[in-house]
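Step one of this worksheet: look at the structure below.
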Amino acid sequence: MIQHMINNHDKVVTRGLRDVAAAETKISFVDPLGTLYYLGYNIDALVEHVCYEEVVYLILYGKLPTKNELDELRSQLISEMQLPEAIVNSIKSFPLTSHPMEVLRTEVSHLSMYDPDPDYTSEQANRRRAIRLVAKVPTIVSTLHRLRTNQQLVAPSDEFGFPEHFLYLFRGKPADSEEKESIDRFMTLHADHGFNASTFAARVTASTNSDMYSAVTCAVGTLKGPLHGGASEKVMYMLDDINTEAEVEDYIQGMLDDQKKIMGFGHRVYRAEDPRTKHLREIAENLCHRTNTLNLYNLCIRIENVVHEKKKIFPNVDFYAAVTLNALGVPFEFFTPFFASSRVSGWTAHVMEQYKDAVLLRPSSRYVGEYGRPFVPIEKR
Ligand code: SDX
C-alpha cells in the first residue's frame, strides 16, 4: 500500500489536459499562432475555393474529390437526408421545453437502431455510416424546428447543394446566392478543429470499440456545454442584454468584475486570433447589411475591441457565428445544433481514425482522497 501511495503522489496532473497530446491525427491542425489546416490545406484557401461537400470528402477520404466523386457524394448525402418515420414521430413526442441539443443528442442515439448496414466494423461500412450521419443530423435539426413552429415538413430534393439544402429544410424556402454562400462557408469553417472537447469525447467512446452513433451522441452532449459550442447561443443573449454601443464598456467591466466569462471569447489553443473569426466576421457583416441588423454587427465590433483592451483575448468561432445564424433567420436555441450539423463530419472522421489507432483512451488520475478509513456498520453511523 505504501508503494501504491508513493506512485500515486508522484503522478503529475495536467489540469484540463492542457497541451497534452492524446493521440496522433492527420485530420486537422490547430496552430496556436492562428492558422487552421484540414488535411494540410489552410482553411483560408478552403473557405474561398471549395464547397462544404468537398470538405466532407476531404475529411472522410483524406483527399479532395474529383468532379465525379463530388457528384456522387452529393447525391449520397441528399438521398440520406430522409429520416426514418419513427425518428420524426419521436421528435414530435418531446416536450416543447426541451432544448434542441437535448433532442439532437437523443435522436442521434435513436438513429443507431435504424442503421440499415449489418456490417458494424469495416472501414467502408463506417464511412457509409459517417455519410449517413453527416446527412441526417441537419434533417433532425430542421425537422425539430418545423414541427416546433407548426410548419409543414419539407422533403429533400436534388435541386440544391447540401448546405443550402439544410437551410431549405429548416426555413422552407430556397436560399438566395448570398445566403447559400454564407451557410456553405459557415459549415466549412465548423467542420473540424483538432482535439476539441466534443471530438475528444467521440474518440474516447470510439476507443472502446463502441459504435459511431454512441461516439457522436457523446460528442453532441459535449458540444452542448456553454464553454464549448453552447457559447454561440449565449452570445446572442449577451447582445440582447446590451442595448447600445455606449453600454458595452460598463457591461463588459461588470462581467469581468463578477469573474464571469464573456461568451464567444478566449480559446484553449489559440494565442492569436482564431483564424475562422475573420471569415465569420465578414459573413456576418454582409448578412447584417442585408437584414438591416448592422446595429448588432457594430455592437459586436465594439465588444471585440473592449474585451481585447481589457483582457487581451480574441473572439472565437462562436462569436460571429451567432450573428451570422441570427441574420440567416435561425432562432438562438438552434445555433449549437447548426454547429453540430457541421462538426458531425469531423466527429465521424475522428471516430474512424480512432478505430485505426486501436488503443483504449484511458488516462490516470492522482488520488487525493483518504486511505484506510475505519469501516462503521450502518446502524452505528
Ligand atoms: C469552442 O477547443 C476547441 O477547439 C473548441 C472550438 C471548436 O471549434 O471546437 O474552437 C469551439 O468551443 C470555442 C470556445 C467557446 N466557449 C466560449 O466562448 C466560452 C467563453 N470562453 C472561455 O470560458 C474560455 O476561453 C475557454 C473555455 C474557451 C478556454 O478556456 P481555458 O483554456 O481553460 O482558459 P482559461 O479559462 O484558463 O482562461 C485563461 C485566462 C484567464 O485569465 P487569467 O486568470 O489568466 O487572468 O483568460 C481569461 C481567464 O479568466 N479568459 C476569459 C475568457 N476566456 C479566457 N475571461 C473572460 N471571458 C472569457 N471568455
Item checked: the chain: equivalent-ellipsoid semi-axes (sqrt of 5 x gyration tensor eigenvalues, Cα, Å) -> 34, 29, 22
Notebook entry, point to check: Taking the Cα centre of the chain as the origin and placing charges on Cβ (Lys, Arg +1; Asp, Glu -1), which of Ala86, Met187, Leu299 is farthest toward the positive end of the dipole?
Noted result: Ala86
Checklist line | Virtual spin-label span in nm between Arg381 and Gln76, 7 Å along Cα→Cβ | finding: 5.5
Next item on the list: List the residues whose amide H sits under 5 Å from the amide H of Ala22, counting only those 5 or more places along or on another chain, with H placed 1.01 Å from N in the peptide plane.
Entry: none
Checklist line | Net charge, Asp117 excluded, C-beta distance under 12 Å - Lys, Arg +1, Asp, Glu -1 | finding: 0
Next item on the list: Report the calculated FRET efficiency for Leu360 and Asp119 (r = Cβ-Cβ distance, R0 = 22 Å), to the nearest 0.05.
Entry: 0.45
Next item on the list: Let me know the charge dipole size of segment 155-296 about its Cα centre in debye, to the nearest 20, where only the beta-carbon of Lys, Arg (+1) and Asp, Glu (-1) is charged.
Entry: 600
Check: With charges set only on the Cβ (+1 for Lys and Arg, -1 for Asp and Glu), what does the dipole of segment 231-327 come to about its Cα centre, in debye to the nearest 20?
Finding: 480
Next item on the list: Go through segment 327-337 residue by residue and turn each phi into a ³J(HN,Hα) via Karplus (6.51, -1.76, 1.60, θ = phi - 60°); whole Hz please, and just put x for glycine and proline.
Entry: 6, 8, x, 8, x, 3, 6, 9, 4, 5, x
Check: Taking K and R as +1 and D and E as -1, what net charge do the other residues with C-beta under 14 Å from the C-beta of Ser207 add up to?
Finding: -1
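About the Cα centre of the chain, how large is the charge dipole given +1 on each Lys and Arg Cβ and -1 on each Asp and Glu Cβ? Please answer in debye to the nearest 20.
Working: 42 positive and 50 negative charges, 272 e Å.
So the dipole magnitude of the chain works out to roughly 1300 debye.
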Next item on the list: Provide the net charge surrounding Asp250, with neighbours chosen by a C-beta distance below 15 Å and charges set as Lys +1, Arg +1, Asp -1, Glu -1.
Entry: -4
Notebook entry, point to check: What list of ³J(HN,Hα) couplings, whole Hz, do you get for segment 43-54 from phi and the Karplus terms 6.51, -1.76, 1.60, once you set θ to phi - 60° and write x for glycine and proline?
Noted result: 4, 4, 6, 4, 5, 7, 10, 10, 8, 4, 4, 5
Checklist line | Whole-Hz couplings from phi, Karplus 6.51/-1.76/1.60, listed for segment 69-83; x for Gly and Pro | finding: 4, 5, 4, 5, 4, 4, 6, 4, 4, 5, 6, 8, 6, 4, 9
Next item on the list: Among Leu153, His49, Gly346, flag the residue with its Cα farthest along the positive direction of the charge dipole of the chain, charges on Cβ as +1 for Lys/Arg and -1 for Asp/Glu.
Entry: Gly346
Check: Taking H as built 1.01 Å from N, whose amide H comes closer than 5 Å to the amide H of His267, not counting residues under 5 places away?
Finding: none
Check: Which of Thr199, Ala135, Leu169 sits closest to the plus end of the dipole of segment 79-224, meaning its Cα is farthest towards the positive end, when Lys and Arg get +1 and Asp and Glu get -1 on the C-beta?
Finding: Thr199
Notebook entry, point to check: For the peptides 17-26, 180-189, what is the packing order when you average, over each peptide's residues, the other Cβ atoms within 10 Å and list the highest mean first?
Noted result: 180-189, 17-26
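Throughout, read-outs are computed from the coordinates displayed, never taken from laboratory work. Note that the structure is predicted; figures quoted are calculated from it, not measured. We place every Cβ from the backbone using ideal geometry, glycine too, and count neighbours over all the protein chains shown.
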